[in-house]
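Below: the structure, in structure tokens.
The values are calculated or read from the model by the stated rules, or taken from the named source; none is laboratory data. As the structure is a computational prediction, the values presented were derived from the model and not from experiment. All Cβ positions, glycine included, derive from the backbone under ideal geometry; neighbour counts span all protein chains shown. For the accessible areas, the whole protein counts, side chains as well, though only heavy atoms, and no ligand, DNA or RNA atoms are used. Shrake-Rupley method; radii C 1.70, N 1.55, O 1.52, S 1.80 Å.
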Amino acid sequence: MKHLHLIISAVLLLALNSCSVYNFTGTGKIDAKTFQVNFFQNNSELIEPGIDRTFTLALQDIIQNQTDLNLVKSGGDLIYEGEIVDYRISPMTATADQQASQNRLKIKINVRFTNKNKETDNFEKPFEFYYDYPATTQLSGATLTTALDEIFERITQDIFNESLAKW
């Protein structure tokens, strides 16, 4: 019985100790206390008003929700900056009478990540994703909101994984 108690104690100690190195969001130990997300300017040829602000806030939200880092306006240990470089709507599939039956919204964002405490983590790279919708639907209102939510959720998760989760 005494050995069983020791084994259970050892297993609990190891399990609790490992949680400080790895957590449920997939990040290891982050060597920073603060982060900043600079405004992502929309530099694409086709401008959709407000998506620059929406994306900037979405990136701030995912980092705040999945880490214990503090958001600061300047002087952050981790800095995210960049620009929206492409916002494109393209026909994807055609019907028998040569009309588009489906369109695709594709957004590409160039991201520069700087880790002031570990320069080997720094990178600059593009992230992109798309949303397909029926050609009979206008890309406005609820359809546009749904498209942007889906695209930005995927892109911000990819940025998070690349910068902090190291997947």
Original post:
For T156, are the conditions met, namely being part of a helix (DSSP H, G or I), open to solvent by 20 Å² or more (accessible area, probe 1.4 Å) and among the polar types (S, T, N, Q)?
Top reply: no
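Okay, residues lined up against (1) under 26 Å from E45 (Cα atoms); (2) among the aromatic types (F, W, Y); (3) not in a loop (DSSP other than H, G, I, E, B):
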residue: E83; (1), (2), (3): yes, no, yes
residue: P91; (1), (2), (3): yes, no, yes
residue: S101; (1), (2), (3): yes, no, yes
residue: I107; (1), (2), (3): yes, no, yes
residue: F129; (1), (2), (3): yes, yes, yes
residue: Q138; (1), (2), (3): yes, no, no
residue: D149; (1), (2), (3): yes, no, yes
residue: F152; (1), (2), (3): yes, yes, yes
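Residue-by-condition table, conditions (1) charged (D, E, K, R); (2) farther than 20 Å from F113 by Cβ:
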residue	(1), (2)
N42	no, no
I47	no, yes
I51	no, yes
T56	no, no
D68	yes, no
V72	no, no
I84	no, no
Y87	no, yes
Subject >> Meets criteria (within 23 Å of D132 (Cα to Cα) and surrounded by 15 or more Cβ atoms within 10 Å (Cβ to Cβ)) for D77 >> reply: no
**OP:** Return the pairs, sorted by first residue and then second, in which the second residue is among the hydrophobic types (A, V, I, L, M, F, W, C) and not in a helix (DSSP H, G or I), the first residue lies in the stretch 43-67 and is farther than 14 Å from E83 by Cα, the beta carbons are less than 7 Å apart, and the residues are 6+ apart or on different chains.
**Re:** Q60/V37; Q60/L71; I63/F35; I63/L69; Q64/L71; T67/I30
Original post:
Which members of the stretch 26-74 meet the condition of being modelled with pLDDT under 95, exposed (fewer than 13 other Cβ atoms within 10 Å of the Cβ) and among the charged types (D, E, K, R)?
Top reply: K29, D31, E45, D68
Original post:
Consider N117 against the criteria (1) open to solvent by 70 Å² or more (accessible area, probe 1.4 Å); (2) in a strand (DSSP E or B): it satisfies all of them except one. Which criterion is unmet?
Top reply: (2)
